[in-house]
């Protein structure tokens, strides 16, 4: 009996252990099944849709990072990229985290304390008081919008929040949330909302503005400022009340913020430099941010100038303005038309890139080549009188003639006859090739070669090309291709040759003395005006030591505008544009080495007066000068290790009337002796232009290569 009683407890314990073991196995199996099911469910969710979440509106920014223009996304939403550290007011960020997620920096995506608090409030009051969702959970919901609230949706947010925290750091999470947070209608993100409602970036927000932007994403459609301003105001005030309760905002500051009315209308998104923006987005495909060389502050003051002046000049007239930094060739401002949205003025046509007749604006480069060749000086005398070149007889704009004038005066007064006489000596093809060499695209009439008429506008050119040429004068003879889209790579643009340094400085110095319009100050800006045939285009291009500004005025359709001339229509806009830059003009460079500064009486005899080749009068049997040695196109080897006398290069002349002047690259090196020869110091390696001018003004030139 006692043995049976002893066996029974043992069997009972064994059975109980088997039951416990079986229950444990079942529990473990159930747990594993649950884990497997959860894992399978998580896997079924797929990867985080980060690519779609990071899609933003294409933003065009200026050289300092300021927004010029943004383009809505394909579905019409405005969503701008955000960097919380640089783009958003720190006071707003503190308010946001205090209201939405106080432990954002410490939790792993889910805040158990906040969830517990939300559950307790729901049980105690019967309705949702606070959601308990972290910033990360809200970001998960924005990345995968839910149709309705449910336990399943909340669990999904929790899982996604944990995934987000594993793949992104806190700053990245905050940036993405600030870009996706809804603010009603098609506005997403703090930047789009701040610009649309307050007309400014969210870098500087008042307490009232910050509280309003904190409140709106909780119910963006029922708190839209353009539809439900009172509901938005009430939500803002509740945010302020809670911040007062938590001691984050003083009662006085909250009271002042509550007294501020909320905006009731949306403002337009910024559209600065629309032509440049359109051009940039057509070139740079798919980039979320495109940085231009433009200066938004300069663009802001010049766009109204173009609009107001076009309205004052009459219907259908447009204005184009371009501003270029001389040193870098960067475009600082581009106003393609008077009003981008004015169809009557063809506002969407960029007139800074339109090919038009330049009028007299190419004359400075004719004079520059004449100075470079050394057969004329700014103080030389030149005749302004009727003259014929074959069947072509140029006339001055006012149909009068000035007689004999200094060359510099002829350029300042934009006299046509002297310019064409110099172009005849320089050569139209040479002018054309030199301008092309400087990076300018000249458009000639079909199947027509360069001719003398190009000196008065018989060729097509754009305003931006003219600005590049004139900036080359300020750079002492070299141009740099214009740049408007900034690249992260090194700038590959090389300088291009326009004129010799001395010739470029002489032209700039002459243009500095051009009489200014009534609203201008003399001697502060070097500038030139131009008027195309038939009063179709009015031009004015000017520069100082810092920048070059070009102005075009006319009708985009090319129709004539009686009385439209460069000096009256374009020059005043040019001087106003310089004034609106807010900077004092910078002086031009000092005269380069070799510049001949002398009055007419002290010039070498052949430089005192210019006569066209066809007018040279000879009284004997003398011949025009001819450089016998070195031959044109020859190569000269110079031994630079020898003494100076051994390294000198001989020049031999035949014919010509003494005295004769010898020039190397446009600079006088002395006179030719009675034996009609001279030893000269060869210039550095490269091409050199040797010119001889006799007493009658006859000239011969050769180009040799020194090596």
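Where a number appears in this text, it was derived from the coordinates with a stated rule and is not lab data. Worth saying up front: this structure is predicted, and the values here are computed from it rather than measured. We place every Cβ from the backbone using ideal geometry, glycine too, and count neighbours over all the protein chains shown.
A few points about this structure:
- Relative packing of peptides 568-581, 199-212, 670-683 - highest average C-beta neighbours within 10 Å first: 568-581, 199-212, 670-683
- Cα-Cα pairs of the chain separated by more than 37 Å (percent): 57
- Within the range 404-450, the ratio Rg/Rh, alpha carbon atoms throughout and Rh by Kirkwood, equals 1.06.
- More than 22 angstrom apart: percent of Cα pairs within the range 299-404: 55
- If R0 is taken as 45 Å, the Cβ-Cβ distance between residue 186 and residue 355 corresponds to a FRET efficiency of 0.70.
- Contour excess over end-to-end distance, with Cα ends at residue 287 and residue 264 and 0.36 nm allotted per residue: 4.9 nm
- Separation of the residue 568 and residue 593 label points, Cα + 7 Å toward Cβ, nm: 4.9
- Structure-based [θ]222 nm, the chain - -39500 (n - 2.57) summed over DSSP H runs of at least 4, per residue, nearest 500: -11500 deg cm²/dmol
- A simple spin-label model places pseudo-atoms 7 Å from Cα toward Cβ; at residue 400 and residue 433 they are separated by 4.1 nm.
- The percentage of C-alpha pairs in the range 51-258 whose separation is greater than 28 Å is 27%.
- Note on 78, 539, 17, 552: ascending count of other Cβ atoms within 10 Å places them as 17, 78, 552, 539, the fewest first.
- The gain in end-to-end length when the residue 648 to residue 12 segment is fully stretched comes to 216.4 nm, 0.36 nm per residue minus the alpha carbon separation.
- Cβ-derived FRET efficiency at R0 60 Å, residue 19 paired with residue 83, nearest 0.05: 0.45
- Directionally averaged projected area (convex hull, Cα atoms, the range 207-355), nm²: 14.1
- Highest mean packing first, where packing is the average number of other Cβ atoms within 10 Å per residue, the peptides 497-510, 584-597 line up as 497-510, 584-597.
- Packing-based order for 302-310, 89-97, 161-169, 333-341, using average beta carbon neighbours within 10 Å, highest first: 333-341, 302-310, 89-97, 161-169
- Two-site FRET efficiency, residue 167 against residue 497, from Cβ-Cβ distance with R₀ of 41 Å, rounded to 0.05: 0.15
- Using alpha-carbon coordinates, inclination of helix 571-580 to the longest axis of the chain, degrees: 40
- Where a label projected 7 Å from the Cα of residue 449 along Cα→Cβ would reach, residues of the range 427-441 with amide N under 17 Å: 427-434
- Cα radius of gyration and Dmax for the range 620-706 (Å): 12.8, 46
- Between residue 602 and residue 63, the contour length at 0.36 nm per residue exceeds the alpha carbon distance by 189.1 nm.
- Residues 100, 55, arranged from fewest to most other Cβ atoms within 10 angstrom of their Cβ, appear as 55, 100.
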